Structure formats: structure tokens, C-alpha cells
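Notes to accompany the following structure.
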Amino acid sequence: MNVTRNLVVAVLMTIVTTLLVGVIYPLVVTGLAQLLFPDKANGQLLERDGKVVGSRIIGQGFSSPGYFRGRPSAAGTGYDAANSGGTNLGPTNKKLVDAVASNVAAARKENASAPVPIDLVTSSASGLDPHVSPASAAFQVLRVARERGVAAADIQRLVDKHTQGRQLGFLGEPVVNVLELNLALDAQIPIKR
């Protein structure tokens, strides 16, 4: 009798706990997130002309010379959110050393007079970093200005406007969101064809 009672209590506790933690709690948290932070709860999506073009928090590839480029991505085939992850290669791994050397050589062709910022030639841990450092953005200003047919100072002003400071004034480093910057470029300084 005692074993049957214990079994019934265990089954009921499993059902109650599953409903509480597996259904009710997630619904309450999701509802609160939608109510209090709808933009963040929905992926911080960016729209242009009524069409979703990306997310503020997931990097994407830009290959045209008239756009700023983000960090290289090691996620799947590149910027693949389903396969997020870094290379997991150590600093002395030949494959990593060769990839960085190749990226540095390509960057030097673009801007031979400036030092190449490290975040422009190495992938982030997630492979989906949407930001570059202000130095990486500044490194690309000449190329973007040339391709868009405007003065470098005009492009630099836009980079400065889109540079986000440290969080709470002391956490992290200043960053530039590449997608937001490129959308602003298209809106304010379209590519001349």
C-alpha cells in the first residue's frame, strides 16, 4: 500500500512539476518579454521598405566594396546562425595562422598605409558578431568612400555617428554595428552607378 501511495505521489509531482516548469513558467516569461521588451524578444529585426533585412544582433556577410564588412565568420559556411561557433583553432595552429595571414594580405591590398585591426582578420567566438571595432570601420572608410564617390570625411562622420560607446560607460569596448551602418549608408549616401 505504501509503495503504491509513493508511486502515485511521484507521478503526480512529475506531472505538476512538468506543467509548472515546462509550460506555465515559459509562457509567463515569454509573455512578460513580449510585453516589456518586444523588440528584443523578437530578435531585434531591422526592416527596410517594409521588408526584414537582418537583425541587430546577428552578423551577416557583405562582399560589395561599397559596403563595410564585418568580422570573418567561422559559422558553418559563413554567418550561418544554425551552425554558430568559432574555429576552435589554437593560436599556433597552422590553419588559423594561414587564414589570418591571408586575411591580412587581402586587407593590406585595400589599405596599405594603415595597420590592420585584429578583429577585421579573425572570427569571433560565435562567428556571428554583428559589430566591428571603430578602428576596423575606420580602416574601411577609404574603400567605401571611393566606391560611393564621396569624400572619406563624409563616410567617417557616418561611422562616428554609428559608433556605440561602452555599455554603462565602462563595460566592453566601443563598437560599430555593421548592418546598421550599411543601411544608413544606403539611405544617406547611395552607391553611384
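Leu96 versus (1) assigned to a helix (DSSP H, G or I); (2) modelled with pLDDT of 90 or more; (3) open to solvent by less than 50 Å² (accessible area, probe 1.4 Å): which is the lone unmet condition?
(2)
Anything in segment 99-139 that is of a type in the set (A, V, I, L, M), at pLDDT 90 or above and in contact with a Gly (Cβ under 8 Å, 6 or more places away or on another chain)? List them, or say none.
Once the filter is applied, which keeps residues that are of a type in the set (A, V, I, L, M), at pLDDT 90 or above and in contact with a Gly (Cβ under 8 Å, 6 or more places away or on another chain), segment 99-139 yields only Val132.
For Asn83, only one of the following conditions fails: (1) open to solvent by 60 Å² or more (accessible area, probe 1.4 Å); (2) at pLDDT 95 or above. What is its number?
Failed condition: (2).
Checking the condition closer than 25 Å to Lys161 by Cα and not hydrophobic (A, V, I, L, M, F, W, C), which residue from Pro91, Pro65 passes?
Pro65
Checking the conditions here, which among Val176, Val104 is within 18 Å of Ser63 (Cα to Cα) and either in contact with a Lys or Arg (Cβ under 7 Å, 6 or more places away or on another chain) or buried (at least 20 other Cβ atoms within 10 Å of the Cβ) (or both)?
After ruling out the rest, the residue left standing is Val176.
Test Gln167 against the criterion of being in contact with a helix residue (DSSP H, G or I) (Cβ under 7 Å, 6 or more places away or on another chain) and open to solvent by 40 Å² or more (accessible area, probe 1.4 Å), and give yes or no.
When the stated conditions are applied, Gln167 does not pass them.
Just checking, which of Gly43, Gly66 is small (Gly, Ala, Ser) and either open to solvent by 60 Å² or more (accessible area, probe 1.4 Å) or in contact with a strand residue (DSSP E or B) (Cβ under 8 Å, 6 or more places away or on another chain) (or both)?
Sole residue among the options that is small (Gly, Ala, Ser) and either open to solvent by 60 Å² or more (accessible area, probe 1.4 Å) or in contact with a strand residue (DSSP E or B) (Cβ under 8 Å, 6 or more places away or on another chain) (or both): Gly43.
Do we find that Ala138 is free of Cβ contacts under 8 Å to residues at least 12 places away in the same chain and either surrounded by fewer than 20 Cβ atoms within 10 Å (Cβ to Cβ) or small (Gly, Ala, Ser) (or both) in this structure?
When the stated conditions are applied, Ala138 does not pass them.
So Lys51 fits all but one of (1) under 30 Å from Gly149 (Cβ atoms); (2) surrounded by 14 or more Cβ atoms within 10 Å (Cβ to Cβ); what number is the exception?
Here Lys51 meets the rest and fails (2).
The values are calculated or read from the model by the stated rules, or taken from the named source; none is laboratory data. Keep in mind that this is a model prediction, so the values were computed, not measured. Counting neighbours? That spans all protein chains shown, and the Cβs are built from the backbone with ideal geometry, glycine included. The accessibility values were calculated without ligands, DNA or RNA, using every heavy atom of the protein model including side chains. Shrake-Rupley method; radii C 1.70, N 1.55, O 1.52, S 1.80 Å.
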